[in-house]
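Working notes for the structure below.
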Amino acid sequence: MSENFNRNQRIIKHAVRGKGAVVAQNTLAAQMGTRTLARGGNAIDAAVTTAMAIGCVEPWMSGIGGIGYMAVWIAKERKAYIVDYGAVAARGLDLKNYALTGGNATSDLFGWPPVVNDNNVMGYHSIAVPGQVDGMATALKRFGTWDWKQVMEAGIELAERGMSCDWYGTTLITTGAAALNRYETSRATYLPNGFPPVIDWEGNPPRVKLGNLANTLKRLRDAGPRDYYEGQIAKDLVADLNAGGSAISLEDLANYHARVVEPVTFERNGATVHTVPYLTAGPTMKRAFELIGDRTIGDGAPDAQAFMAVAESLHTAYEERLRTMGDRHTDSCTTHFNAVDAEGNMVALTQTLLSLFGSRVMLPRTGIMMNNGIMWFDPEQGKPNSLTPGKRPLCNICATVVSKNGEGWFAIGASGGRRIVPAITQLIMMQTDRGMDVEAAFHQPRIDVSGVGPVRANWDLDEDIKRAISKKMPLVEVPNPIYPLNFANPSCIRRDPMTGTVTGMNEVMSPWAGGAAV
């Protein structure tokens, strides 16, 4: 960690409040979603608007070349649903392209054995069939009130304007520059004249035109979402993908359909938690709470006993996950946002390209930045999560809605790879078990226990808590800098059932994260 980090520095972030709100890792995208609420759309309309817009303002995190999961609470039905638009490996994928080098070094985000040429990490062989567009279309058709053309307008507006690149944008592009430089369209877009764009001395940020993305979004608006899978966009995608060596075919795209499924549900101190099922982090979080039991029940900020219970339970839950599910993720570049409307409908949505800039490949015909979802698979055969043609991989997404007394209470989730579950577990615990308000919970220092290495404690955590944990488990103190975030990047919107007022909060240290309310 940098020797220049100021341990005396404290950052405060205020919540947004209103009758409806959107909070996101990019404030401009949240404002676009809130504009949908102000124009009469419901929480699902607002979430889809935000989802289609946010890839135009933080394209290293997500976009229409990515995948994700959405947790939805429908107030009239008093019921939660999950929209699954996760990644799928191409049916024609050739395992010979993922031969192991035989070395022990790990690469990028994972602890997998390394693959020749890093084919599972970056480039055309790393791309999985993307589900983002059909996921949004499925959610809108099932739960929304707006039509497809309406939810597309915000993204088109932002794409035509170009991404504003301030110091933080320059930081992210610089971080990914070496890999972006390998691919012609990515290099031309993000490294003009061979260097990342930088703000000028008068404080004017440059605008980055995202290739042909604006025209693709217009085509998607006019031709409809299935054009991405069965029409001209599909043809353009496959032409570029196959030219680069990807096995994704027109048949893979045509056969892709998002699905609406039942959540993993469990009770927690009078509340009901509804989270993502299957090969996600939802079952691991449920297991952590089972192991925690009633040891975190109390009033106010968690004490040493509560943090000890969280640390021990997460350690065991991750040990089981690593052993039985094969997941060895570290970090990822993902985005999460939430939307709640005045009627009490709620959305928690996590979407991702996986790595920073995903595969690092921007497809020239469409301007779409593609995921590197193949890296979610273990490249070593014979494992629970081994790479297999046509298979879905394991992931760390944990989009969650929480209800109480039959009404939606809060929507929550995070980005941050393996750090998602620890962050969400603690933030849910603080609200359900300790009675903390959402703003106080987000300012409470946290720990990270995610299956690899010692407990990582925010050095602002109370000394007695750190001492108590260190007596039983290895512990290291770390700061929570702006980049990289050491304790995930969560957000939450909570609704007061008595007044209907919602309160939205984002990770305090995330510089672009914010929200807007109506």
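The values are calculated or read from the model by the stated rules, or taken from the named source; none is laboratory data. A quick note: this is a predicted structure, and the numbers were derived from the prediction, not measured. All Cβ positions, even for glycine, are placed from backbone atoms using ideal geometry, and neighbour counts span all protein chains on display.
What about Ser450, is it under 26 Å from Met505 (Cβ atoms), in contact with a helix residue (DSSP H, G or I) (Cβ under 6 Å, 6 or more places away or on another chain), in contact (Cβ under 8 Å) with a residue 24 or more places away in the chain and not in a helix (DSSP H, G or I)?
Here the answer is yes, as Ser450 does meet what is asked.
Farther than 29 Å from Asn120 by Cα and not hydroxyl-bearing (Ser, Thr, Tyr): which single residue out of Leu241, Leu250, Leu279, Leu291 fits that description?
Working: Leu241 fails: farther than 29 Å from Asn120 by Cα; Leu250 fails: farther than 29 Å from Asn120 by Cα; Leu279 fails: farther than 29 Å from Asn120 by Cα.
It is Leu291.
What are the residues in region 70-87 that are within 17 Å of the chain's Cα centre (by Cα), of a type in the set (A, V, I, L, M, F, W, C) and not in a loop (DSSP other than H, G, I, E, B), if any?
Answer for region 70-87, where residues must be within 17 Å of the chain's Cα centre (by Cα), of a type in the set (A, V, I, L, M, F, W, C) and not in a loop (DSSP other than H, G, I, E, B): Met70, Ala71, Val72, Ile82, Val83.
Name every residue in region 5-55 that is more than 15 Å from Ile493 (Cα to Cα), among the basic types (Lys, Arg) and surrounded by 15 or more Cβ atoms within 10 Å (Cβ to Cβ), in order of residue number.
Within region 5-55, just Arg35 meets the criteria.
Is it the case that region 315-337 has a residue that's closer than 19 Å to Ala488 by Cα, in a strand (DSSP E or B) and aromatic (Phe, Trp, Tyr)?
Yes, there is a match, as at least one residue in region 315-337 is closer than 19 Å to Ala488 by Cα, in a strand (DSSP E or B) and aromatic (Phe, Trp, Tyr).
Please work out which residue is surrounded by the fewest Cβ atoms within 10 Å (Cβ to Cβ), limiting yourself to region 133-160 and to residues that are part of a loop (DSSP other than H, G, I, E, B) and not charged (D, E, K, R).
Here the residue is Thr145.
Per-residue answers, yes or no, for (1) in contact with a Phe, Trp or Tyr (Cβ under 8 Å, 6 or more places away or on another chain); (2) modelled with pLDDT under 95:
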| position | (1), (2) |
| --- | --- |
| Pro384 | no, yes |
| Ala423 | yes, no |
| Gln431 | yes, no |
| Ala457 | no, no |
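From the residues in region 198-212 that are of a type in the set (D, E, K, R) and at pLDDT below 95, which one is surrounded by the fewest Cβ atoms within 10 Å (Cβ to Cβ)?
Glu202
For Asn6, only one of the following conditions fails: (1) touching a strand residue (DSSP E or B) at 6+ places or on another chain (Cβ under 6 Å); (2) modelled with pLDDT under 95. What is its number?
(1)
Can you find even one residue in region 164-176 that is outside any helix (DSSP H, G or I) and either crowded, with 24+ Cβ neighbours inside 10 Å or small (Gly, Ala, Ser) (or both)?
Looking only at region 164-176, we keep the residues that are outside any helix (DSSP H, G or I), and these are 164-166.
Next, from what is left, pick out any that are either crowded, with 24+ Cβ neighbours inside 10 Å or small (Gly, Ala, Ser) (or both): 164.
Scanning region 164-176, I find at least one residue that is outside any helix (DSSP H, G or I) and either crowded, with 24+ Cβ neighbours inside 10 Å or small (Gly, Ala, Ser) (or both), so the answer is yes.
Restricting region 20-69 to residues that are over 21 Å from Ser164 (Cβ atoms) and assigned to a strand (DSSP E or B), which is farthest from the chain's Cα centre (by Cα)?
For region 20-69, the residue satisfying everything is Ala21.
Taking only pairs six or more apart or across chains, which ones have beta-carbon atoms under 9 Å, a first residue in region 261-272 that is more than 19 Å from Val83 (Cα to Cα), and a second residue that is part of a loop (DSSP other than H, G, I, E, B)?
Arg268/Asp433; Asn269/Asp294; Asn269/Thr296; Asn269/Ile297; Asn269/Asp433; Gly270/Asn405; Ala271/Asn405
Output the qualifying pairs, or none if there are none: Cβ atoms under 7 angstrom, residues six or more apart or on different chains, first residue in region 30-51 and closer than 24 Å to Asp84 by Cα, second residue assigned to a loop (DSSP other than H, G, I, E, B) and of a type in the set (Ser, Thr, Tyr).
Here the result reads Gly41/Thr145; Asn42/Thr145; Asp45/Thr145, each pair linking region 30-51 to a residue that is assigned to a loop (DSSP other than H, G, I, E, B) and of a type in the set (Ser, Thr, Tyr).
Just the residues that are loosely packed, with under 15 Cβ neighbours inside 10 Å and outside any helix (DSSP H, G or I), please, taken from region 181-197.
Asn181, Arg182, Phe195
Output the residues belonging to region 443-479 that are charged (D, E, K, R) and under 22 Å from the mean Cα position of the chain (by Cα).
Arg446, Asp448, Arg456 - these are the residues of region 443-479 that are charged (D, E, K, R) and under 22 Å from the mean Cα position of the chain (by Cα).
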